[in-house]
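Notes follow the structure.
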Amino acid sequence: MNSEMIEEITVLSGKNRSGEPENFDEIIIRPGDTLSIVGPTGSGKSAFITDIEIFARNDTATGRTILVNGEHPPEDYIRDPAKKPVALITQNTKCLADLKVHEFLEMHIKSRRIAETELTGKTIDLANEFTGEKIHPDVKMTALSGGQTRSLMVADAITISDTPLILLDEVENAGIFKDRVIETLKEYNKALIFVTHDPMVSLMSDRRIVMKNGGVSGVLEPNGREDEALLKVIELDRIMCRMREQIRAGEMICGQVFT
Ligand SMILES: Nc1ncnc2c1ncn2[C@@H]1O[C@H](COP(=O)(O)OP(=O)(O)O)[C@@H](O)[C@H]1O
Ligand SMILES: [Mg+2]
């Protein structure tokens, strides 16, 4: 079984911090799905995606089990980073490698024995669609900003690691265009799980997993009922982005701005 053959990842429910069963039986994630995980700090959001990342088998604090195509996944998925079908990107994802961006990507491409020659440029171009601060191939990895690093890691996960599932743990307000990330992952038919407090990301997701006291307290499937709110939040986001760019460029913002 390789990662291209992943049709679904299933989360089987466990228990919350008080030992009570979670409020779902199973959550099935398929290519192209976007889920967000919401809930207060300490409610178990990171634990939920960590269970997926490590393919929990009723062996973590939550008691959840993760299946791939309905079965326990093979050991390589857990042990071999090159075979792992899941990429986890967090606020703290950093690259300590003392390499230039293009050298880092070339090393990664080589380690995966990929023959495609254009992949370095393709990955940087994709990363640059996710961030307003353009990444130059000759810059050192350690010199990238947080937003540039996360953009590059998402692009790398899409093009080089080519994992079918990408997990993002609270990377909002961190210099990436979330709507572009979501659209691109859908285009590439990747599944995405976003731990988030961001209204736009939550409203753009197909499903919203609500966490409470270490367990899932509900799974919301708006199916279009939130479209009005989504349009509003997209409009507001556009205004915010424009203002941010104007302020960064040293401009004053006077007069009519809500257009
Ligand atoms: N179902 C659970 N049972 C026991 N401990 C849990 C459970 N879910 C989460 N925890 C623990 O609670 C703490 C907070 O959870 P975490 O996932 O970091 O919250 P969040 O990301 O929402 O802030 C962590 O130490 C985590 O291991
Ligand atoms: Mg967390």
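The values are calculated or read from the model by the stated rules, or taken from the named source; none is laboratory data. All figures in this text were calculated on a predicted structure; none of them were measured in a lab. Note: ideal-geometry Cβ built from the backbone for every residue, glycine included; neighbour counts use all protein chains shown.
Being among the hydroxyl-bearing types (Ser, Thr, Tyr) and within 22 Å of residue 181 (Cβ to Cβ) is the filter here, so list the residues in segment 10-54 that pass it.
34, 36, 46, 50
Does segment 108-116 contain at least one residue that is farther than 18 Å from residue 168 by Cα, buried (at least 16 other Cβ atoms within 10 Å of the Cβ) and either among the aliphatic types (A, V, I, L, M) or modelled with pLDDT under 85 (or both)?
yes
So how many residues does segment 118-143 have that are at pLDDT 90 or above, over 13 Å from the mean Cα position of the chain (by Cα), crowded, with 19+ Cβ neighbours inside 10 Å and under 28 Å from residue 199 (Cβ atoms)?
Adding up the residues that qualify gives 3.
Which residue is nearest to the chain's Cα centre (by Cα), if the candidates are limited to segment 144-183 and must be among the polar types (S, T, N, Q) and within 19 Å of residue 33 (Cα to Cα)?
The extreme case among them is 163.
Quick check on residue 252: is it surrounded by 13 or more Cβ atoms within 10 Å (Cβ to Cβ), farther than 28 Å from residue 122 by Cα and not assigned by TED's automatic domain parsing to the domain that holds residue 158?
no
Would you mind stating whether residue 78 is of a type in the set (Val, Ile, Thr) and within 16 Å of ligand 1 (Cβ to nearest atom)?
Spelling it out, it is not the case that residue 78 is of a type in the set (Val, Ile, Thr) and within 16 Å of ligand 1 (Cβ to nearest atom).
Going by the structure shown, is residue 212 of a type in the set (Lys, Arg), surrounded by 11 or more Cβ atoms within 10 Å (Cβ to Cβ) and assigned by TED's automatic domain parsing to the domain that holds residue 33?
Taking the combined requirement at face value, the residue satisfies it.
Test residue 62 against the stated conditions and say whether it is polar (S, T, N, Q), within 26 Å of residue 222 (Cβ to Cβ), within 11 Å of ligand 1 (Cβ to nearest atom) and free of Cβ contacts under 8 Å to residues at least 12 places away in the same chain.
Criteria not met by residue 62.
Residues that are within 16 Å of residue 208 (Cα to Cα) and not β-branched (Val, Ile, Thr): find the strands (runs of 3 or more DSSP E) completely inside segment 1-40 holding 1 or more of those.
The qualifying strands (runs of 3 or more DSSP E) are 26-29, 34-38.
Testing residue 101 on (1) more than 21 Å from residue 190 (Cα to Cα); (2) modelled with pLDDT of 90 or more; (3) surrounded by fewer than 21 Cβ atoms within 10 Å (Cβ to Cβ), one condition comes back false. Which one is that?
Single failed check for residue 101: (3).
From (1) crowded, with 16+ Cβ neighbours inside 10 Å; (2) over 24 Å from residue 206 (Cα atoms), pick out the condition that doesn't hold for residue 58.
Result: residue 58 passes all but (1).
Of everything in segment 48-69, what is of a type in the set (A, V, I, L, M, F, W, C) and within 15 Å of the chain's Cα centre (by Cα)? Give them in sequence order.
48, 49, 52 - these are the residues of segment 48-69 that are of a type in the set (A, V, I, L, M, F, W, C) and within 15 Å of the chain's Cα centre (by Cα).
Taking segment 214-257, which residues are outside any helix (DSSP H, G or I) and touching a residue at least 40 places away in the same chain (Cβ under 8 Å)?
Scanning segment 214-257 gives 214, 215, 216, 217, 218, 219.
Please tell me if residue 252 is of a type in the set (A, V, I, L, M) and within 19 Å of the chain's Cα centre (by Cα).
It is false that residue 252 is of a type in the set (A, V, I, L, M) and within 19 Å of the chain's Cα centre (by Cα).
Checking residue 142 against (1) touching a Cys at 6+ places or on another chain (Cβ under 8 Å); (2) not assigned by TED's automatic domain parsing to the domain that holds residue 10, only one condition comes out false. Which one?
Only one criterion in (1) touching a Cys at 6+ places or on another chain (Cβ under 8 Å); (2) not assigned by TED's automatic domain parsing to the domain that holds residue 10 is unmet by residue 142, namely (2).
Only one of 27, 52, 78 is touching a residue at least 24 places away in the same chain (Cβ under 8 Å), more than 15 Å from ligand 2 (Cβ to nearest atom) and under 18 Å from residue 190 (Cα atoms). Can you tell me which?
Selected residue: 27, the only one of 27, 52, 78 that is touching a residue at least 24 places away in the same chain (Cβ under 8 Å), more than 15 Å from ligand 2 (Cβ to nearest atom) and under 18 Å from residue 190 (Cα atoms).
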